[in-house]
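First up is the structure itself, then whatever we jot down about it.
The values are calculated or read from the model by the stated rules, or taken from the named source; none is laboratory data. If you're wondering where the values come from, they're calculated on a predicted model, not measured in any experiment. Cβ coordinates were reconstructed from backbone atoms using ideal geometry, including for glycine residues, and neighbour counts include every protein chain displayed.
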């Protein structure tokens, strides 16, 4: 089977439309003047840093976005960094994600509102994570049949091979997810940012990438936004998109395989694949969608309630 079928494309279309709908009204800042960017030396240095680390299996890569933390050259501003993020860097998406992740250390706090539209476009165009090695179910099913599904001795070598592939996969996508995480943390709050982050979540899970921690953070932000908002239309749109995300995540066909187990029962005998969810505790996604839908009916009732001082005096 294909991971992205027609229903998946429809889901992506809804979430993508949700992410783009409101941001289309924001005014983009004018492009930077032509010339050599003050960020360019940093790009060159970081690319070299990445390439040298790759020769050592990733040893030496930074663990947090801190390139400009102590030595920020004159002329490196939020706008010059954003202009650099808008342009491609080489052909290696992992290297590009690493470099841009580090460039974000030069952005103090969050992007200002006047740059929000451009920043959101950068976020939506960020390099996606590669596909999980256990995502292609039909290919793995075929391979398992070929080596022998009824031979219990194949359990250990199959799990060893897939386990190593998953380990390398996690290492490979780390710069990509770190860049996306950092971009989200730099976005001004609001509906447009939450919609883009929801699209980001779908990008991750549709490729089998882990998204539990990112989703937990986003889920809390969505609830906080809804409690402070009276925009019923946006709440209903968000509820619909969250529900479609839930429908995708809970479907076993969209969960990557991560191991085989030997089954010996009255009905089954042989090796069987087991899948792993990309977001833990899927029920909370469904609960959030239902809560948003219900809250949209009476948003004013969802805020904090305080007793009227006059009522307190009467008691």
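Determine, yes or no, whether residue 189 is touching a helix residue (DSSP H, G or I) at 6+ places or on another chain (Cβ under 8 Å), in a loop (DSSP other than H, G, I, E, B) and closer than 18 Å to residue 273 by Cα. In short, no.
Evaluated against (1) part of a helix (DSSP H, G or I); (2) at pLDDT below 95; (3) surrounded by fewer than 17 Cβ atoms within 10 Å (Cβ to Cβ), residue 94 falls short on exactly one condition, (3). Candidates in segment 125-155 are the residues that are closer than 14 Å to residue 256 by Cα, assigned to a helix (DSSP H, G or I) and touching a residue at least 12 places away in the same chain (Cβ under 8 Å); of these, the one that is farthest from the chain's Cα centre (by Cα) is 141. Here is a check on your reading of the model: is residue 199 closer than 18 Å to residue 243 by Cβ, surrounded by fewer than 24 Cβ atoms within 10 Å (Cβ to Cβ) and touching a residue at least 24 places away in the same chain (Cβ under 8 Å)? Yes, satisfied. Assigned to a loop (DSSP other than H, G, I, E, B) and under 18 Å from the mean Cα position of the chain (by Cα): does that describe residue 121? No: the conditions fail for residue 121. Out of 108, 86, one residue alone is modelled with pLDDT under 95 and surrounded by fewer than 21 Cβ atoms within 10 Å (Cβ to Cβ). It is 108.
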